[in-house]
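First the structure, in the form of structure tokens, and then the observations on it.
The values are calculated or read from the model by the stated rules, or taken from the named source; none is laboratory data. Everything quoted here is computed from the prediction, not taken from an experiment. Here the Cβ positions follow ideal geometry from the backbone for every residue, glycine too, while neighbour counts run over all protein chains shown. Areas reflect the complete protein model, heavy atoms only, side chains present, ligands, DNA and RNA absent. Shrake-Rupley method; radii C 1.70, N 1.55, O 1.52, S 1.80 Å.
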Amino acid sequence: MISAASDISSPVGVIAGGGAMPFAVADSLAARGIAPVLFALRGACDPGGVERYRHHWISVGQLGRATKLFRSEGCRDLIFIGTLLRPALSEIRLDWGTLRVIGHVLAAFRGGDDHLLSGIGRILEQDGFRMVGIRDVAPDILMPEGNIARATPDPAALADIARGREVLGALGPFDIGQAVVVIDGHVVAVEDIEGTDGLLARVARLREAGRIRAKSGRGVLVKAPKSGQDLRFDLPTVGAKTIDGAAKAGLAGIAVIAGHTIAADSQAMIEAADKAGLFIQGLAA
């Protein structure tokens, strides 16, 4: 993907799912003098948070309505950001704009989340819009390279990080998940539909049940984009909640790909890591 960062046009349309990230992106754009317009997804985006911005509400399946709103606001550049529970096709109320490209929509649903988002992105690009990524519109919220907490990984943790990257590289083509937990060289859990928070909670339960014998303070959560992933969509995200989950799971720290991972509220994340004695490592891509 060629970066569009130097050619971003104002306003930028932020297709906003759940969580705080759509608002962090909007604030980052505004700080750089680029007007954000939020297109809030019903059932996902926070109704209270979106009120601070110029916005419209749209529903999944309303491509016709959405494209009309994008054009009426003058948004050439669009970004998907935020969490979204993948809907079943039977749950989507299709409008005529969606029915016009229903073959492409059905094809987008036949795969993982990255396949779905990139498929919808291609439909919008065929309508004359340009899909951009976090690196283009809000690079300041991406993880930097190096260690950003007080604690640092020891040789055992570095070996676990290397093993985790190997595993994720092998799993990437299957569009399964973006995270793995490795303890003393053993892969103990891989992210699935429950996400990273669920993955860490599962590791914590395994420790409590005695299924993981390694002492607390060992092991690493490793996160990375899937190999071949379109980096405009569904980047891995970490934040203070991730650190809390890693601490409860008895890990030594987390490692993510610098420049390809969203660091949500990085200051709160660093404070949580320092309090728990965990490291946060940004890995070279």
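Below is a table of values for the structure above.
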read-out	value
Filter result for Ser28 (part of a loop (DSSP other than H, G, I, E, B) and touching a residue at least 60 places away in the same chain (Cβ under 8 Å))	no
All positions within the range 37-49 that are open to solvent by less than 70 Å² (accessible area, probe 1.4 Å) and part of a loop (DSSP other than H, G, I, E, B)	Ala44, Cys45
Of the criteria (1) under 24 Å from Ile148 (Cα atoms); (2) buried (at least 17 other Cβ atoms within 10 Å of the Cβ); (3) without any contact (Cβ under 8 Å) to a residue 24 or more places away in the chain; (4) not hydroxyl-bearing (Ser, Thr, Tyr), which one Lys275 fails	(2)
Subset of the range 50-71 [assigned to a helix (DSSP H, G or I) and modelled with pLDDT of 95 or more]	Val50, Leu69, Phe70, Arg71
Listing of helices (runs of 4 or more DSSP H) fully contained in the range 125-244 that carry 3 or more residues being free of Cβ contacts under 8 Å to residues at least 12 places away in the same chain, acidic (Asp, Glu) and under 23 Å from Ile270 (Cβ atoms)	none
Residue in the range 144-158 that is over 25 Å from Lys275 (Cβ atoms) and in contact with a strand residue (DSSP E or B) (Cβ under 9 Å, 6 or more places away or on another chain) present	no
Pick from the range 205-226, criterion out of contact with any strand residue (DSSP E or B) (no Cβ under 9 Å at 6 or more places or on another chain) and crowded, with 18+ Cβ neighbours inside 10 Å, ranking: farthest from Ala247 (Cα to Cα)	Lys226
Subset of the range 218-240 [of a type in the set (Phe, Trp, Tyr) and closer than 13 Å to Gly177 by Cα]	none
Pair list, Cβ under 8 Å, 6 or more apart: the range 38-57 residue of a type in the set (Ser, Thr, Tyr), other residue open to solvent by less than 50 Å² (accessible area, probe 1.4 Å) and part of a helix (DSSP H, G or I)	Tyr53/Phe23; Tyr53/Ala26
Sole residue being part of a loop (DSSP other than H, G, I, E, B) and at pLDDT below 95, chosen from Gly121, Gly97, Gly111, Gly74	Gly111
Unique match (being out of contact with any His (no Cβ under 6 Å at 6 or more places or on another chain), crowded, with 24+ Cβ neighbours inside 10 Å and at pLDDT 95 or above) among Ile270, Ile280	Ile280
Residue that is least open to solvent (accessible area, probe 1.4 Å), among those in the range 187-204 that are over 22 Å from the mean Cα position of the chain (by Cα) and farther than 17 Å from Asp244 by Cβ	Val188
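Conditions (1) of a type in the set (Asp, Glu); (2) surrounded by fewer than 18 Cβ atoms within 10 Å (Cβ to Cβ), marked per residue:
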{"residue": "Ile141", "(1), (2)": "no, no"}
{"residue": "Pro144", "(1), (2)": "no, yes"}
{"residue": "Ala149", "(1), (2)": "no, no"}
{"residue": "Thr152", "(1), (2)": "no, yes"}
{"residue": "Pro155", "(1), (2)": "no, yes"}
{"residue": "Asp160", "(1), (2)": "yes, no"}
